[in-house]
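Undergrad: One structure is given below, represented as C-alpha cells, and several questions about it will come after.
All of the numbers you see were taken from the coordinates with simple rules; none came from a lab. Remember, it's a predicted structure, so these values are computed and weren't measured experimentally. Here the Cβ positions follow ideal geometry from the backbone for every residue, glycine too, while neighbour counts run over all protein chains shown.
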Amino acid sequence: MRAPVALFLVALLIRVAVTVGWQFDGLYGQDAFAYYQQSIAIVDRLPRGELPPTDFFWPNGYPALAAMFMGVFGRSPLAAQLASLLTGAALAPLAYWLCRDLFPSAHSRAGIVSGLIIAVAGQPILSSVSIMADMPALFWATLAAWLLVRSSAGHLLAAGAALALSIVVVQRDLGAALLFFAVFLLLLYVVTARASFVVLGLLALLAGGALLYELVPHVRVRVDIWLDPFATASGSGYQVVQALHAFARGGILGTGLGAGLPAIGGAPPIPALHTDFPFAALGEELGLIGIMGILGLYLVVIERGLRIAASAVDDFRAILAAGLSLVIGVQAFIIAAGNLKLIPLTGITLPFISYGGSSLLTNGVVVGLLIALSDRGAEAPRIPSELRGFRRLRDRGAA
Amino acid sequence: MTPDRPGRRPGIGVALGRVAVALTVAFGGLAAGAGYWQVVRSGELSSAPDDAAVIAAGRHVVRGEITDRDGERLAWSLTDANGEPYRKYLSNSLSGVLGYASRAFGSAGLERAYDAQLTGITSADPVQDLVKKFRAEPSDPQAIQTTLVAQLQEAAVRALGADRGAVVMLDPRTGDVLVLASTPVFDASAVADPETSAQAFGSLQGDPDKPLLPRATQGRYVPGSVFKIVTAIAALGSGAVSADTTFPEQPAGEKNGLLVSGYRVRDGHHGSTGSVALDFAGATEASCNIWYALAGLRTGGDALASWAGKLGFGEPIPFDLRTAASQVTGGGGSFGGGFTDAVELANAAYGQAETVVTPLQMALVTSTVANQGILMRPHLVRSFTGRAGTQDVDPEVWQRVLTSGQAREIAAAMQRAVEGPLGRQFTTGAQVNGLTVAGKSGTAELGGTGEPNSWFIGFAPVENPEIVIAIVVEQGGRGAERAAPIGGDLLAAWKAWAGR
C-alpha cells in the first residue's frame, strides 16, 4: 500500500479511537454547536425546497458538508463528526506530500511525523479552516504553489476550482476571500510573468464584487459603511468612525503608548479593537510616525520573504516562499486599508499584531517555513564572528 | 518546469521584483491614507464633540469659563461632594445658546461645539497641540469669551415672555452674534448639577414645548412677508427688477387677486393703495404680495434659488453651533431652481409655499442689506484663552452678495416699511426714539385655523447700521401685533447698552 493511503487510514484510525475513547462527539463549545444546528437545519429544509437559514454567522461550507453526511447516516452528532473525521484525516496525506517536497532528503520521516500530528490535531485545524482566514491562507498558499509548479492545464483548472470553492466556503468572510484571490493572482503572475492574468483577475474581482453587492445584504452593508461611515456614525458605521477618530487623535506623533483609547464608562471606544482594529490603536498611540515604522517593518518581512523565494533552490520552494510572504503582506494590507477606510472593512487579523491564537500560531508557522525554505543546505552553519568574540571574552574572564 | 531543478527560471526573479514594487506602492498608499486621517483631518475629527477623548475628558476635566463680550461670567465650574466638577450657569436665558454640559447626559449648544477647547483636548494653536504630550498636565482647558451680551439676551427672553419663539441680534459689520435667544428657556444648571440632573433632564425631554430645541439656529419656520427681502435681493441683484419697476397687472389684481396658473395671489392693502402701480419701495412698504409674486416670476426659480444660496439657504449655515438648513422650496420640481410650478414660485416669492427659514438665516439676510451687500460670517466666539495666551477670532467676509447701491435701495425700502405712513401699520412699535430703524414684518400663515407666526426683521441705525435683529414668535399673530413691538423694545435696549 502506498504511503499516503496508509497515512490516511492511520489518521482515520487515530481520530476514531480518540472520538470513541473520549466519547467526543464534536459538539464542544458554542461555535461547534451552532455549526451542528445549522447542519440539521440544512438537512430539514433542503428536501422541502427551502434555503438554509441566513442568520447563521459563520460560513456554510462545513455545515453543508456535515449535512451531506447526515443525509446518508442520519441526523446525529456522530454523522457530523464523521465529516470532520474524514476531512481531517485527509489532511494527513496532504501533509506528507508537502513535507516530501519541502524536505526531500528526509521526506519519509518528516512527512509521516507531520501527517500523524495533523491527524491527531486535525479537529481544531479543520474548524479554523472553515472559520478563520489565517490557517486556510497558509494552506491555500501552499496548495497554490504546488499546483502552479506542476502547472499543466488540468492543474490550473484544479487551482481555479479550489479557488472558487474556498471563496464559497468563506462566503461570509470577505477578507479571507479577497486574501486568497489576491495571493493566487500574484502567484500566478510570478509563475507565468503574464500581466494579462492579473488584469483579467482584477476584472473578475470587480464583477464578483458587484454581484455580491447586489445579492448579499451583508456585503451591501459593508460597502455602504465604507462609502459613508459618518452617515451611520452611531449605528452600523460606529466602529469605522471610531477608528478614524483614533487615527485623528494620534496625529503625527501619537498620544504615547498606553495614553490612547479614552475609555467611556470603562469600555474602550472600539469594541473589536484587539482583533479588527489594532492598526487604529497603533495609529493613535504611535502616530503617523509609528504607522510608517510598522508599515516599513512589514515591507522588510515581505522583501526578505521574496528574496528567499528568488534564491530558493527549486521552483516549488520559490513559489511557496513567495506565497507565504504574500499572505503576510496582502493580509496586512487588506486589514490596514480597511481600518483607514481605503477599502471596505473586512474582519481579518493583522499579522503578528492582532489578538488571537490561530492567527499568531499561523504567523509563527509561516515564519518557520520561510526560515526553513531559506536554508539551502549546501553550506555548513558557521559561528558568527561576534559570537566568537563573546566567547573569547568569556573565556578570558573565566581564566 | 520540473521540480527540484537547481537553476532558476529566468523570469521568476523579475516577476518577484515587480510584485515587491507593487506591494511597496500599495503600502505607500496605506501611509498616504494614514497621513490623510492623521494630519489633514486630524484637527477636525479629534476635536469633534462625538470624539471619544472629548467625551471622556468632559467627565473629569474642569472646563474653561465662558464669558460675555463685557467679561461677565456666563458659565463656570463648581465641585461636588466627590471632588468632581460640574457646571453652573448665570441665567436660564442663556439655555438656547450655551446649552449644557452634564456628566450623565452629555452636552449641547456652545458647551458641545467647543467641548474639545473647554476641556483642553485641543487648543487654537496647532504647535501647542503637537508638543502637549510632553507636558506633565496634557490638557489645557481654554476659557471662551463669547460675542454675546448677557443683559440683551436677558431682555430678549423677557420680551418673548411665555411665548415660544426666538430672537437673533448681530452686528452686521463683523458677524458678532450679540443675542441668540430661544424660548421656552430651561434651567441648564439643574441639568448639569449631578444632584438634580436626572430629574431635570427627564422632564425637559418630555416637555411638549420642546425647550431643548434651540429655535434660533434649528427652528424652521414659514417666513411669510419677511422673505420678501430675499426675493428683493434676488430680483435687484440679478437685475430682473429695478427699484422703479412697476407691474400694470398689480393694481388690477388687487381687488380679486392675481391669477397665476389658476391660483389667486391675494392682498389686503387695496383700500390704501387703490389703483396706483407700486414701485419696489412702495410694494415693500405696503407688503404687496402681488408685486412680489410678479417680481419672483420675472426673476425666475433658478435665480431665486441661487441668490438665496448666496445668503446661506440650502445648506446648514457654517456657524459655531449646529444649524438647520433653510430652503426656498422643497426641491425636486422641474420648473427651475427646484420649484414645482409657477404657482409655487409666486407663493414662495412672498414667503409662503414650501419656504422654510431659521431665525439665524433671516438675521443673515437682514445683515446683508445692512452691511452694504456684504455678508459677514456669523460667529459666537471672540477669543480662546489658555496657558499659551489668547487667540482672537477675527471677523470674516462670508459672501459678497449685492453692490452697495443695491443694498442701499433695499435698505431705503425697509426704512419706509417702518417709518412710512402705510408701513407703520404693519410694523407698529418697531420705531425707537432717537434711532432710525429699517425693517420688515411678517405674518406667516400656517394653514388651518391656528394663529400665524409673527415675524420682524430689522436693523439700525439706517445711516450706518450697527445692529441687526430677527424675531419670530410662534403663533404670535400678525407681525405688527407681537414681533414688531419686541423689535422696538430690544433695539431700544441695544441703544441703551451701546450708549448711543
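Undergrad: Just want the ordering: B:Lys228, B:Lys210, A:Lys341, B:Lys495, from fewest to most Cβ atoms lying within 10 Å of their own Cβ. Walk me through the numbers before you get to the answer.
TA: Values: B:Lys228 29, B:Lys210 14, A:Lys341 21, B:Lys495 18.
Least to most surrounded, the residues fall as B:Lys210, B:Lys495, A:Lys341, B:Lys228.
Undergrad: Sort region A:219-315 into rounded, prolate or oblate with this rule: let a ≥ b ≥ c be the square roots of the eigenvalues of the Cα gyration tensor; rounded if a/c is under 1.5, and if a/c is not under 1.5, prolate when a/b is larger than b/c, oblate otherwise.
TA: Details: a/c = 2.85, a/b = 1.62, b/c = 1.76.
It comes out oblate by the Cα gyration axes.
Undergrad: Taking every pair of distinct Cα atoms and averaging 1/r, then inverting, what Kirkwood hydrodynamic radius in Å comes out for region A:198-271? Provide the component values of the computation, followed by the final result.
TA: Details: mean 1/r = 0.0677 Å⁻¹.
By the Kirkwood definition, the hydrodynamic radius is 14.8 Å.
Undergrad: For B:Tyr86, list long-range residues whose amide hydrogen, built 1.01 Å from N in the peptide plane, is under 5 Å from its own amide hydrogen.
TA: Placed amide hydrogens put B:Leu78, B:Thr79, B:Asp80 under 5 Å from B:Tyr86.
Undergrad: Evaluate the relative contact order of chain B (contact order divided by residue number), counting alpha-carbon pairs under 8 angstrom at least 6 apart; express in whole percent. Don't skip to the end; give the middle numbers.
TA: Values: 1109 pairs, mean separation 73.7, N = 500.
This gives 15 percent for chain B.
Undergrad: A further question follows. Can you list the residues, at least 5 places off or on another chain, whose amide H is less than 5 Å from the amide H of B:Trp398, using H built in the peptide plane?
TA: Counting only residues 5 or more places away or on other chains, the set is B:Leu375, B:Met376, B:Arg377.
Undergrad: For chain B, what does the helix formula give at 222 nm: sum of -39500 (n - 2.57) over DSSP H segments with n ≥ 4, over the residue count, nearest 500 deg cm²/dmol? Don't skip to the answer; put the middle values down first.
TA: On the way: 22 runs with 193 residues, N = 500.
-11000 deg cm²/dmol, from helical runs alone.
Undergrad: Any chance you could list P(r) for region B:402-500, counting all Cα-Cα pairs in 10 angstrom bins from zero, rounded to whole %?
TA: Percent of Cα pairs in each bin: 18, 47, 28, 7, 1.
Undergrad: Mind sorting A:His274, B:His269, A:His245, A:His218 by how few other Cβ atoms lie within 10 Å of their own Cβ, fewest first?
TA: Numbers: A:His274 15, B:His269 19, A:His245 27, A:His218 12.
Going from sparsest to densest Cβ surroundings: A:His218, A:His274, B:His269, A:His245.
Undergrad: Another one. So for A:Phe181, B:Phe456, B:Phe335, fewest C-beta neighbours within 10 Å to most, what's the order?
TA: Numbers: A:Phe181 21, B:Phe456 32, B:Phe335 16.
In increasing order of surrounding Cβ atoms, one gets B:Phe335, A:Phe181, B:Phe456.
Undergrad: In the structure shown, do any of A:Lys341/B:Lys210; B:Lys255/B:Lys310; B:Lys255/B:Lys440 have a Cα-Cα gap over 30 Å, and if so which? Don't jump to the answer; show the numbers that get you there.
TA: Details: A:Lys341/B:Lys210 38 Å; B:Lys255/B:Lys310 36 Å; B:Lys255/B:Lys440 24 Å.
Over 30 Å Cα-Cα: A:Lys341/B:Lys210; B:Lys255/B:Lys310.
Undergrad: Okay, moving on. Relative contact order for region A:232-321 using alpha-carbon pairs under 8 Å, separation at least 6, rounded to a whole percent?
TA: Working: 92 pairs, mean separation 24.8, N = 90.
Contact order relative to length: 28 percent.
Undergrad: Rounded to a whole number of µm²/s, how large is the Stokes-Einstein D of region B:138-184 at 25 °C and 0.890 mPa s, given Rh as the Kirkwood radius over C-alpha pairs? Kindly include the intermediate steps, with their values, before the conclusion.
TA: Working: Rh = 12.0 Å.
Calculated translational D: 204 µm²/s.
Undergrad: Using only Cα atoms, tell me the angle between helix B:228-238 and the longest principal axis of chain B; keep it within 0 to 90° and round to the nearest 10.
TA: Helix B:228-238 sits at roughly 80 degrees to that axis.
Undergrad: Hey, could you grab the Kirkwood Rh for chain B? Inverse mean 1/r over distinct alpha carbon pairs, Å, one decimal.
TA: Values: mean 1/r = 0.0404 Å⁻¹.
Hydrodynamic radius (Kirkwood, Cα pairs) of chain B is 24.7 Å.
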